[in-house]
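Trainee: Please see the structure below; I have some questions.
Bear in mind these aren't lab numbers, they're just calculated from the coordinates by the rules spelled out. For clarity, every value in this text was computed on a predicted model and none was experimentally measured. Methodologically, a virtual Cβ is constructed for each residue, glycine included, from the backbone with ideal geometry; neighbour enumeration extends over all protein chains shown.
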Protein chains: 2
Amino acid sequence: MSEVQPAFKALGDPTRRQILMQLSRQEMSIGEIASEYPMTRAAVKKHLKVLEEGDLISVEVRGRERINRLQPRGLKVVTDWMKYFDHFWDNKLDALKSIVENTEKQ
Amino acid sequence: MSEVQPAFKALGDPTRRQILMQLSRQEMSIGEIASEYPMTRAAVKKHLKVLEEGDLISVEVRGRERINRLQPRGLKVVTDWMKYFDHFWDNKLDALKSIVENTEKQ
DNA sequence: TTAATATGATACCTAAAGGTTTTATGTGGA
DNA sequence: TCCACATAAAACCTTTAGGTATCATATTAA
């Protein structure tokens, strides 16, 4: 079982999810990202570190810049975990399950 | 846009994800759930509250018991959000994207 | 009716999360 | 070379998270 916790933890913060959306459109340096948030570069960098630990982004040091880009691996880990619950979304199955359970208990 | 934050927040904790797995197999009272964790009922109840706020479980008060069951709604909100990134997982597309980007920059 | 059961509610504790500020360092361009 | 730029790193602060302990309340079974 691959480690899902770091990825789920990273996705738990709205700022980090928003950063992911941005990086899905284009790779960006820390400064570029930070310029779009009402917080310091240092704060944004901490968020990027958490995203990197969750394998949601990868980083390439280019000269004095640090280029961040989307890393699908962590996203895949999360969706794979979610897939387990897929069959609970089907309304027909839910209805059937409900009927069976109620019948069992009466 | 439906509110994804409460669901993502709820999924960020390993104990809560484990509780979800249990509830996917059978509905359970707080006491039943708590008996399987090295923490107090009060702590488990707090986790259940967070799960409920994320629409990941629903609760039915039955006599003096409180029955918790999986609620697919919150899970759906999360997978819907994740779906946006689906097209980044295809290795062929990634490879192509990489080639295009590198070509542009040389 | 009464005791045991199942939970609710509140106060409290500690560590982690999310920020800021300050100081240091490596790189690129004039 | 030398300065401006982009980031690194560390100390610090405040709020939130996750947990415990304690006491109150509603049900159920005897």
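Trainee: Under a plain spin-label model, where a point goes 7 Å from the Cα along Cα-to-Cβ, how far apart in nm are A:Ser29 and A:Lys49?
Mentor: Simple spin-label model gives 2.1 nm for this pair.
Trainee: Now for a separate question. Could you identify the residue of B sitting closest to the B-A rotation axis by Cβ and state that distance rounded to whole angstrom?
Mentor: Residue plus distance in Å, as requested: B:Gly12, 2.
Trainee: What gaps in nm, shortest first, separate B:Ser24 from its twins in the other copies when you place the label 7 Å past Cα toward the beta carbon?
Mentor: 2.2
Trainee: Note down the nm distance, to one decimal, between modelled labels 7 Å out along Cα→Cβ at A:Ala42 and at B:Tyr37.
Mentor: 3.5 nm
Trainee: Here's a follow-up. Sorted from shortest, what are the nm distances separating the label point of B:Val61 from equivalent points in the other copies, each placed 7 Å from Cα along Cα to C-beta?
Mentor: 5.9
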